[in-house]
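Everything on this sheet refers to the single structure shown next.
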Amino acid sequence: MIAEPFQISANDKYRFEALPQDAHQLDIIAEGEGRFHLLHNGKSYHAEVVEAHYATREFTLIINGSKYTLKVADHYERLVQKLGLNAGSSHKMNTVKAPMPGLVLNILVEKGQSVQKGDPLVILEAMKMENVIKAAGDGRVKAVSIHKGAAVDKGQLLLEME
């Protein structure tokens, strides 16, 4: 079986692909918590992991003094995006609906709680992946219409916002 490449975006400016086996070409030495020394193609790099959001596959690194925000998409993430089933949304909504059928793994907010744009609301498992449903804008949770462990259909009401 041929491995599918990861698509990596750095600072929303640079895009490249990397195969899982490409990691074997790196010589990595841990220097402490979240800090590493890397050798690649005869060049030396010092890297520090500043932030790691595994659910959204976003990582902030400082490499040789320069800050990079990486977004990593595997084959399944690209498929979800291609089908238009992304968990995030950029427009204001009064309701939060399931972008795909799945299982509610966790509800991260409760009725009356204030949230800001980008705050995680619900973790939904779909296609064997955890998808973090985030707030599209600032607001307050008016009602929670689901419970942990519930199976939901695409378009099903998860939360009401005000």
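Nothing in this text is a laboratory measurement; each read-out follows from the coordinates by a stated rule. Since the structure is predicted, the reported quantities are computational estimates derived from the model, not experimental observations. Virtual Cβ from ideal backbone geometry, glycine too; neighbours counted across all protein chains shown.
The shape of the chain can be summarised by an equivalent ellipsoid whose semi-axes, obtained from the alpha carbon gyration tensor, come to 35, 18, 13 Å from longest to shortest. Site pair Arg78 and Lys148 shows an inter-label distance of 3.6 nm when each label is modelled 7 Å from Cα along Cα→Cβ. Length gained on full extension, Glu48 to Ile28: 6.0 nm, using 0.36 nm per residue less the C-alpha separation.
First check a/c for region 1-74, with a ≥ b ≥ c the square roots of the eigenvalues of its C-alpha gyration tensor; if it is under 1.5, answer rounded, and if not, answer prolate when a/b is larger than b/c or oblate otherwise.
oblate
Across region 150-162, rounded Karplus estimates of 3J(HN,Hα) from the backbone phi angles (6.51 cos²θ - 1.76 cosθ + 1.60, θ = phi - 60°) give 6, 8, 10, 9, 4, x, 5, 5, 9, 9, 10, 10, 9 Hz, Gly and Pro being marked x. The 3J(HN,Hα) values that the Karplus relation (6.51, -1.76, 1.60; θ = phi - 60°) gives for region 111-122 are, in residue order, 3, x, 6, 7, 9, 10, 3, x, 5, x, 10, 9 Hz. Gly and Pro appear as x. Given R₀ = 35 Å, what would the calculated FRET efficiency be for Leu103 paired with Arg140, taking r from the Cβ atoms and rounding to 0.05? Between Leu103 and Arg140 the formula returns 0.85. Listed peptides 151-158, 62-69, 26-33 appear in the order 151-158, 62-69, 26-33 once ranked by packing, highest mean of other Cβ atoms within 10 Å at the front.
The distance between label points at Gln21 and Arg57 comes to 2.1 nm (points 7 Å beyond Cα on the Cα→Cβ vector). Taking amide hydrogens as placed 1.01 Å from N in the peptide plane, the amide H of Leu121 sits under 5 Å from those of Ile133, Lys134, Ala135, each at least 5 positions away in sequence or on another chain.
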